[in-house]
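For reference, the structure discussed in these notes is given below.
The values are calculated or read from the model by the stated rules, or taken from the named source; none is laboratory data. Everything numeric here is computed off the predicted structure, so don't read it as measured data. Because the Cβ atoms are built from the backbone with ideal geometry, glycine has one as well, and the counts that use them run over all protein chains shown. Note: accessible area is taken over every heavy atom of the protein model, side chains too, but ligands, DNA and RNA are not part of it. Shrake-Rupley method; radii C 1.70, N 1.55, O 1.52, S 1.80 Å.
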Amino acid sequence: MSTITVTAPAKVNLHLEVLGLRADGFHELAMVMQSIDLADRLTFSNTADGRLSLSCDDPALSIGEDNLVLRAARLLRERSGFQELGAAITLEKCIPIGAGLAGGSSDGAATLVGLNALWGLGHSCADLERLAAELGSDMPFCVQGGSQLCFGRGELLEPLSDGSEPLAVLLVKDPRVSVSTPWAYGRCRQRHGGDYLVGEPAFEQRRRALRQAGWIRPIRAAQPPPLRNDLQSVVEPETPAVQTALQLLRSLPDSLSVAMSGSGPSCFALFPDLTSSRQGYERLRKDLESEGLRAWCCSLRSGGARIEA
Ligand code: C5P
């Protein structure tokens with residue numbers, strides 16, 4: 001029996017711009033997503049009985065049919081045409097749930113990568129990204145990860161070259177709070193729908209502006225990302241945990257910039273290197289503890305779901 005282990009990293013949004021509304025009801029986005037060194041770990045073993053099973057070390061996570069790991073496994077098996085394929089999957093959860101860090105999407109992407117190898121299906125990365133897009137807007141990014149421009153619903157990817165600098169983040173999240181992504185986008189539409197751009201030429205103009213932004217090539221400390229997140233303006237006023245996290249992170253003198261990630265409630269400060277993010281953590285340690293907030297110091301990471309050697 002063979003076993004494959006896959007690392008599934010989290011992401012942060014260095015840029016999340018809501019452009020407008022699409023005909024399918026989703027939002028048209030212009031984003032820069034960035035993988036970070038905070039990762040779940042999945043193992044995949046062949047089973048002879050054609051069953052797909054999932055176990056997880058975090059009892060807070062549903063391991064039912066709604067879990068993106070099982071949905072990804074079923075989709076991959078269905079498209080392979082080999083209904084007899086089975087796998088026992090275990091998930092070691094390190095990325096906080098409902099945090100705006102794409103933990104569930106990354107687990108789903110890792111499942112496509114892991115089972116593609118375990119079952120010897122031979123799909124290309126582009127094939128896996130197309131399958132991933134059927135399951136979630138952030139999931140295609142998580143297949144290759146690294147640093148990418150993400151357009152459309154989030155599934156149209158344009159990889160960016162890796163910077164040579166060891167940038168890092170200090171990530172902060174209240175473990176008692178999670179934010180629903182549909183709620184955040186719904187609120188955004190309620191508040192800002194009247195100002196949304198309309199039509200492909202207007203969308204393309206914003207995409208072009210982001211592609212040409214000086215800070216993306218490559219991402220570096222000398223010209224740090226301004227860290228725009230349009231969902232922050234709707235989530236922050238209604239989520240005290242986000243207000244507290246942002247306030248603490250903004251008090252750090254050495255950070256390059258501060259923002260919420262995705263639909264929250266995780267927030268992060270960007271630093272020139274891991275050492276300065278650790279120093280930032282030390283400065284905040286007592287306040288984080290007294291507010292009941294968790295924190296992680298993570299390097300930016302150049303890839304997404306990866307099979308471990
Ligand atoms: O694609 P995903 O399942 O991650 O999306 C979750 C929800 O977030 C969608 O049902 C939708 O309400 C909202 N969303 C959106 N526009 C996007 C991505 C997500 O409105 N581009």
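Starting from residues that are under 17 Å from PRO96 (Cβ atoms) and away from the ligand (no atom under 16 Å from the Cβ), keep the ones in the stretch 48-62 and report whichever is most open to solvent (accessible area, probe 1.4 Å). Can you show your working first?
Residues of the stretch 48-62 that are under 17 Å from PRO96 (Cβ atoms), as a first pass: 56-62.
Remaining after also requiring away from the ligand (no atom under 16 Å from the Cβ): 56-61.
Details: CYS56: 35, ASP57: 96, ASP58: 43, PRO59: 128, ALA60: 82, LEU61: 37 Å².
This residue is PRO59.
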### Query
Looking at the stretch 288-308, which of its residues are farther than 24 Å from GLN148 by Cβ and either modelled with pLDDT under 95 or open to solvent by less than 70 Å² (accessible area, probe 1.4 Å) (or both)?
LEU288, GLY292, LEU293, ALA295
## Note on the structure
If you go through PRO253, PRO237, the only one that is at pLDDT below 95 and either open to solvent by 70 Å² or more (accessible area, probe 1.4 Å) or of a type in the set (D, E, K, R) (or both) is PRO253
### Message
Within the stretch 95-203, considering only helices (runs of 4 or more DSSP H) that don't extend past its boundaries, which have at least 3 residues that are within 15 Å of the ligand (Cβ to nearest atom) and open to solvent by 60 Å² or more (accessible area, probe 1.4 Å)?
### Response
181-192
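Out of all the residues in the stretch 40-47, is one or more closer than 29 Å to ARG217 by Cα, in contact (Cβ under 8 Å) with a residue 60 or more places away in the chain, of a type in the set (D, E, K, R) and within 16 Å of the ligand (Cβ to nearest atom)?
Quick first cut of the stretch 40-47, residues closer than 29 Å to ARG217 by Cα only: 40.
Filter once more, keeping what is in contact (Cβ under 8 Å) with a residue 60 or more places away in the chain: 40.
With of a type in the set (D, E, K, R) added as a condition, the list becomes 40.
Among the residues that remain, those that are also within 16 Å of the ligand (Cβ to nearest atom) are: none.
No, because not a single residue in the stretch 40-47 is closer than 29 Å to ARG217 by Cα, in contact (Cβ under 8 Å) with a residue 60 or more places away in the chain, of a type in the set (D, E, K, R) and within 16 Å of the ligand (Cβ to nearest atom).
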### Message
Tally up the residues in the stretch 79-120 that are without any contact (Cβ under 8 Å) to a residue 40 or more places away in the chain and charged (D, E, K, R), please.
### Response
1
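Test of understanding: among ALA209, ALA259, which residue is closer than 16 Å to VAL32 by Cα, small (Gly, Ala, Ser) and open to solvent by 20 Å² or more (accessible area, probe 1.4 Å)? Show your work before the answer.
Numbers: ALA259 fails: open to solvent by 20 Å² or more (accessible area, probe 1.4 Å).
It is ALA209.
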